[in-house]
Structure formats: structure tokens, C-alpha cells
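The next block holds one structure in the form of C-alpha cells; read it before the comments.
Derivation of every value follows stated rules applied to the coordinates shown; laboratory data play no part. Here the structure is a predicted model, which is why all the values come from computation and not from measurement. All Cβ positions, glycine included, derive from the backbone under ideal geometry; neighbour counts span all protein chains shown.
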Amino acid sequence: MDAPAPTGGRRTGPRRWGWIILLLILPAVALLLMNLALASPWSCRWLASHIQRRCGGLDVRVEGVTVTPWSGVSIHRLRILQPAPLRSVVKEHLLEVRMLQVAPIWSAWLRGRLETRSIAFDAPRLVLPVELISHLAKSGPPPPPVPVTQPPAMAASPPAPTPPVAAPPTIPTPASNPEGTRPEVPVPKPLPVPTSWLHVRNASFALVRAGSDDALIEFAATTGSIPIAGDPAGSVLKIGSISAQGKPFAMDATAALAWTSPLLSLKPADMEVSGYKFQLGAQLALFSGLPLQIEAVLPPQALKPVDLPFDGQVTAEGVSANARFRGLLSAPSTWQGDLVAQSLYPTVRAAGQEAKFDRASLVTVLRGNVLSCMDARLTSDNLSVLGNATLLADGRLAGVARLVATPETATMIVNKVFPNHPGPPALTPLSTPQRSAFDLEAFGNISQIFLRLGQQGPIVNLHP
């Protein structure tokens, strides 16, 4: 019998491998084409416009976008520009990020839920002008109630919880089930939720004033991981340096963070800045508006020499302070703060003269767009200085100060501090002839301050 003729079945093997290779190549080709499309100028402009709507209309620039299954979404060189009126006087962008990486939970994204495993910022820098804060404070809505929790205690860290002692297992005994009753069904424990993280590498923040080269305060070289969602977790944030007016006053600081949804807490801890020891604690709630609460305590300690205007200097045997802040981080009109400070036996040196006092005190409050020094005083038996001042969000300010002493002492101090004062100082008589007052009135704005020297006295221009 003749053998059957060969059929085409033998070609199924190569054809099957061809389909397998094609199926393996297609996703890679599709991913490559998608990334080429995302890197196009049109895609970058589309993403920038989408981010711009979320940033209140601030101009946004994006240089590129890439997507991979293993690293997620990467945005290259994201820049948020300063508001147009500030660009000519503030050199740096409002925010610049070398790379922003988002690691999504792909299974959630496929179901329409934009859940992320982590977000990483590479070399982000935020430069915030005080003029922008003032504008937001003036134009913001009326302050709503701030849902914040009780401030963390500053006296001591909370004691570590005692680990539970495991009880010996017991053998359940069958219980009679009366007719007509249902047995209790155990409530299942909630499933663990992986913690989501915000990673920052070499981050920096600067609070600046328009037209000034030195930042009012700056945090540099900050690196660490911050838990922002999921199960409770803790981490440590490292800050390379903290400086004010270009002068560093803290190096290699650390901040211990604790996350328990929805609160991110800075654990109350003892810290040291410029030789001063203090205690600091804070809480941030991940709600709408980002409610923030900060409390700082400066225990009694010696005050190092502090420079004052007119070549003055102040020292003290002891100084202590307590400061609190609360409000919605994204709404400056809701900010509220209190600062209470006092000092024992301060000494003030000015114009070659020295004055010793028994005590000093300061009470300052922040309410929305108004910062007020409610009471400031230096008191002693022979000499006292009293004053108060107010600063508005638009930069306008006003304040008064009164020096109380014998007429001879008051005249001498005024002539020393204001050597170009025309004529004798205009002193205000008091109820007793042994005491007179010299009143100093300040008004204007933070860029140009005017001083009235005495009641109905001359006005001079003070350049801060």
C-alpha cells in the first residue's frame, strides 16, 4: 500500500512560534510608540495644561514623559513658574523638579481607581515669596473652622506601649443554642493596606522676599521617605542644613515621622538650633486644605547676644518661649498663631550706653492676614520701654513705643539713638515730674518705614 501524501501539518510549528514572537514583540513596540508620543511637544503641553488647571492657573512647563510597567510614570523637569507680577523680581521658579516618578497600582488603575504605591521627587526646589502668601491671605475665603486634633504634649515623649501578654489558649465549651436565637458571627479583621510613600531626594525650600538675594529661611539637602496612606508606619527625614538670611544655624537635623491615617505627625522631640535647645511637635491631617498644627517650646536658658537696629545689642540671663500655629496649609487666611516669650534680667546696649532691666515679655498673635504684637515691654525701677505693632498682609504696618524714664535720662537716650534729631526731644509729661515719656510712632510698609520722633515731632525715613 502506498504511503499517504504529506500534508501541511508540519508547518504548524514554525507558524506557532511566529505568532508567539509577534505577540512578544507587539507590547514592546506599542510601549515604544507610546513613549515616543508622550515625549512629543504636543503631549508635554497637554500635560502641562492639565497640571496648570490644578495649580490655580500658574504657568507650568514639562519637558518629557515616559511610562514603563516597572517604574510607572515619570515626568521630566517639571516647572511651575512664579506669578507674572513676581517673575522680574524673583529669580527662581516657584517649583522645579528634576524628575517626578509615580509608581501606580496597575490593578487599581485598570478598575478606574488612581491609587499609587509611591511618589518620588528628585531634587525638588520650592521658592515661595512672602508676597504670594500675602496675596493668598488677602484674596482667600473667610476662614472656615479648622478640624485639627489636640496639640501633642511637649513635656515628655509618650511612654512606649507595654506589649500584650499572650494568654494561654482555652478550649471552647459547646453552649446550648436556645431555639429561635442566632449564633454570634465573628467580625472579620480588616485586611492590611500597604503603606504608600512619598520619597524626596535632595529637596529644598526657600521663603524669600521679592528683590532680595538672601532667603528669609531655607531648608536644603532634605532626603527621606514620608508615609502618606495605608497602614501605620514611621520614618526619619534628614535635613542637610537650615539657614536664615544666608547664615546657617542648623546642620544635619533629623525629624522622626509617624503615620496613622489620616494624621502625619512629627514626634515631639528635643532639638537644638544655634545652641538653643527646644522641643518641637507637629501634625498634618491629609484632609482637604491640609490642616496643620505646630507647637514649639523653648525652655528657660541663657540668651546669647542679639543684634538690634541702631547698632544695639541685647543679652539676658534667661529666656523662654512658647509658640503655637494652626490652620489650613493651603489657605493662609485661616492661619492662626500665638507666641509668648519672656526674659529675666535683660541688658540692652545701644549708642554706647547700657541699660539693665528686671524682666521683658512679648505677646504676638497671628489671625488670618493680620500679625500683631499685642504687648512688648522692658521694665525696671528706673527705665521702661512699652510698645505694640501690627502688620497687614499687604505689607502695611503701624506701631508705637514709649520710653519712660527721668527727663534727663530720656533726653540722653534719644540724643544717642537719634544723633541727627533736630532740636530737643519732644517729651510727654506724666503724672509725676520725676518721670517723662518719649513716644515713637512707626508707620508705612515693610519696604519703607517712617518714624515720628515724639508727639508732633519730626518724621524720619527708616530703611529696614
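Things to note:
- Maximal additional length on extending the His50-Leu207 stretch stands at 53.8 nm, based on 0.36 nm per residue less the C-alpha distance.
- The phi torsions of region 391-398, fed into the Karplus equation with coefficients 6.51, -1.76 and 1.60 and a -60° offset, translate into couplings of 10, 8, 5, 7, x, 5, 9, 7 Hz, rounded to whole numbers, with Gly and Pro shown as x.
- Couplings 3J(HN,Hα) for region 41-49, derived from phi with the Karplus relation 6.51 cos²θ - 1.76 cosθ + 1.60 (θ = phi - 60°), are x, 4, 5, 5, 5, 4, 5, 4, 5 Hz, where x marks Gly and Pro.
- Pairwise label distance in nanometres, Leu430 with Trp109, each label 7 Å out on the Cα-Cβ vector: 7.3
- Two-site FRET efficiency, Val29 against Asn461, from Cβ-Cβ distance with R₀ of 51 Å, rounded to 0.05: 0.10
- Where the Cα pairs of region 208-317 fall when distances are cut into 10 Å bins, in %: 12, 32, 35, 16, 5, 0
- Take the Cβ atoms of Trp42 and Gln313, set R0 to 56 Å, and the FRET efficiency comes out at 0.35.
- Each of Glu354 and Leu290 was given a label point 7 Å from its Cα along the Cα-to-Cβ line. The distance between the two points is 4.8 nm.
- Amide H within-cut-off set for Glu115, under 5 Å, with H built and near neighbours excluded: Ile105, Trp109
- In this structure the amide hydrogen of Thr406, modeled in the peptide plane, comes within under 5 Å of the amide hydrogens of Ser436, none closer than 5 places in sequence on its chain.
- Placed amide H near Thr428: partners under 5 Å, 5+ positions off or other chain: Ala437, Phe438, Asp439
- Shown is the FRET efficiency for Thr68 and Ala256, computed with R0 = 56 Å from the Cβ-Cβ distance and rounded to the nearest 0.05: 0.95.
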